[in-house]
Amino acid sequence: MTDFEAQVLSDLSALKSQMHALLGVGQPGRLAALEDRVEQHERTVQRMKGVGGLLSVALTLFHIALDTVRR
């Protein structure tokens, strides 16, 4: 086996172990954990959009009520 072949096999082994860590071997890997975090973030963003919409409607109704009372 030449030095080049040994280097290629060594690099391939390192790449294989990194792929196992990324994808997981029977267990959720780092990629699955990242997907979970992204999904949680998207749910939080959607929730905040709903809260913002509700607050804007409430503030608009409050201002309409103030204008009505002043007249």
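Every condition in (1) surrounded by 10 or more Cβ atoms within 10 Å (Cβ to Cβ); (2) part of a loop (DSSP other than H, G, I, E, B) holds for residue 11 except the one numbered (2). Residues in segment 17-27 include none that are modelled with pLDDT of 95 or more, more than 11 Å from the chain's Cα centre (by Cα), in a helix (DSSP H, G or I) and among the polar types (S, T, N, Q). Yes or no: residue 1 outside any helix (DSSP H, G or I) and not hydroxyl-bearing (Ser, Thr, Tyr)? Against the criterion (outside any helix (DSSP H, G or I) and not hydroxyl-bearing (Ser, Thr, Tyr)), residue 1 qualifies.
The values are calculated or read from the model by the stated rules, or taken from the named source; none is laboratory data. A quick note: this is a predicted structure, and the numbers were derived from the prediction, not measured. So basically every Cβ, Gly included, is an ideal-geometry build from the backbone, and we count neighbours across all protein chains shown.
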